[in-house]
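First up is the structure itself, then whatever we jot down about it.
The values are calculated or read from the model by the stated rules, or taken from the named source; none is laboratory data. Owing to the predicted nature of the structure, the values given are computational and were not obtained by experimental measurement. In this analysis, Cβ positions are derived from the backbone assuming ideal geometry, glycine residues included, and neighbour counts consider all displayed protein chains.
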Amino acid sequence: MRSGYGSINHMLVTLRNNKILLSEKRSFFKPKSYQTTKAEYYEAVDDNFNFKKATAKQLRKVRATVIQKRKRETRNFVIVACINN
């Protein structure tokens, strides 16, 4: 008999049973996606929600903030990588 067969068999049986249970439990929960969340918002505000448009100045500010944050994260990653080696 091959070694590890019992554990592999147990894993396969467990995965099969979990897959069966998952399909049964899905009916109790609504699937969450962008479309369902958007539909919930529209339903809550009766389609009277006004989306504001960002100005060019606000977009530049957001872009600068994101770039600055990305640089900081990269710098921290390099420092941690150097320390760990």
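A few remarks follow.
- Test: N18 is modelled with pLDDT under 85 and in a loop (DSSP other than H, G, I, E, B): no
- Residue check for I67: over 25 Å from the mean Cα position of the chain (by Cα) and either modelled with pLDDT of 90 or more or surrounded by 10 or more Cβ atoms within 10 Å (Cβ to Cβ) (or both): no
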